[in-house]
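The values are calculated or read from the model by the stated rules, or taken from the named source; none is laboratory data. What you are looking at is a predicted structure, and each value in this text was computed from that prediction instead of being measured. Every residue, glycine among them, receives a Cβ derived from its backbone with ideal geometry; neighbour counts consider all protein chains shown. In case anyone asks, the SASA skips ligands and DNA or RNA and just uses the protein heavy atoms, side chains included. Shrake-Rupley method; radii C 1.70, N 1.55, O 1.52, S 1.80 Å.
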Amino acid sequence: MGRLQGKSAVITGGSRGIGAATARLFVKEGAGVVIADILEEDGKLLADELKAAGGKTEFVRCDVTKSDEVKNIMTTAVRSFGKLDILFNNAGITQEPTDIANCSEETYDRVMSINTKGCFLGIKHAVPEMLKTGGGSIINTGSTMSVVAIPYASAYCVSKHAVVGLTRLAALDYADKGIRVNVILPGVVDTPIHHQFGQEISPEELEANMKELLSRQPISRMISPDEISPMVLFLASDESCMCTGGIYPVDGGWTTI
Ligand code: NAD
């Protein structure tokens, strides 16, 4: 029997990267999965691939900054799979490297809105559905930058620090109601996020940026998304029944320094 047999999950930012790797693993372990993302083509392709292999899944377009769209993914999970047990609050973006004085307000607001408010809205709309069946598990995606700072990443760093605060608060709000809330802190993971800053940077800048990031990670190679998803699976499953409010680095040792 799969480790998530009979469970129902929503994964935001599920069309690619860490979210897609987790969707594959969740479906393999028996869960019904709603893949939610703004990237429709990739999300639909993934859902079709998983369905063709016998999995229970569907793609729903959702911008995590829009409350009604976030509510819709939770009700879709209930309609399709009968209930909601798991939310992986994973959608996120990064920012172009810049110091605070040169970070535009637009960049700051956009990063905070997706990375932090998106998690808030996920919790807000998942909880009522989870309470109907006695509980569930919510996993938020933070970052090593949730607990350490690096220069030129103010909006991202603040947004991911806030995700830890939100995780702790939500864990306390719902500990006696059967809902567990934890946060994972990935290190440098090999996904398209490193190429998309909202504004173009040169290949030289990109290379320097990646070198700088990897120099901070003692296991100094890129992490595969498939090396992150097993931690999400553990936190989603009943194996982690006594874990809530916890911070789980999967970071090649970065946060030991
Ligand atoms: P990714 O870019 O491959 O995946 C992010 C996904 O989020 C994409 O599918 C994107 O379309 C989606 N997304 C962006 N804005 C959205 C919105 N408004 N509504 C819905 N979906 C939206 O990158 P990834 O590395 O897989 O990122 C997943 C999470 O992991 C993010 O929260 C990111 O901050 C975090 N993270 C990544 C790394 C890394 O090195 N890749 C490190 C630490 C944390």
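In table form, for the structure just shown:
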{"item": "For the stretch 31-81, size of Cβ-based charge dipole, Lys and Arg +1, Asp and Glu -1, in debye", "result": "300 debye"}
{"item": "Choice from R79, R168, R61 showing the highest fluctuation, given a GNM over the chain with Cα pairs closer than 10 Å", "result": "R79"}
{"item": "Three semi-axes of the equivalent ellipsoid, the stretch 91-135, Cα gyration tensor, whole Å, largest first", "result": "33, 8, 6"}
{"item": "Cα-centre dipole for the stretch 1-160 with unit charges at Cβ (Lys and Arg positive, Asp and Glu negative), debye to 20", "result": "780 debye"}
{"item": "Distance histogram in 5 Å bins (all Cα pairs of the chain, percent per bin)", "result": "1, 7, 14, 19, 21, 17, 11, 7, 3, 1, 0"}
{"item": "Span per principal axis, largest first, for the Cα atoms of the stretch 105-257 (Å)", "result": "52, 35, 24"}
{"item": "Efficiency of FRET between R61 and I100 - r from beta-carbon atoms, R0 45 angstrom, step 0.05", "result": "0.85"}
{"item": "The chain, helix-only ellipticity at 222 nm - DSSP H runs n ≥ 4, -39,500 (n - 2.57), divided by all residues, nearest 500", "result": "-13000 deg cm²/dmol"}
{"item": "Length-normalised contact order of the chain in % [C-alpha pairs under 8 Å, at least 6 apart]", "result": "20 percent"}
{"item": "5 Å-binned pair-distance histogram of the stretch 214-257 (Cα, whole percent)", "result": "5, 21, 23, 21, 16, 11, 3, 0"}
{"item": "Surface accessible to a 1.4 Å probe, M112 within the full protein complex, Å²", "result": "40 Å²"}
{"item": "Flagged links, alpha-carbon separation over 27 Å, of K124/K211; K56/K117; K7/K177; K28/K211; K51/K117", "result": "K124/K211; K56/K117; K28/K211; K51/K117"}
{"item": "Per-bin percent of Cα-Cα distances, the stretch 32-90 [5 Å]", "result": "4, 21, 28, 27, 16, 3, 1"}
{"item": "Set of aspartates and glutamates with alpha-carbon distance to K132 below 13 Å, sequence-local pairs under 8 removed", "result": "D85"}
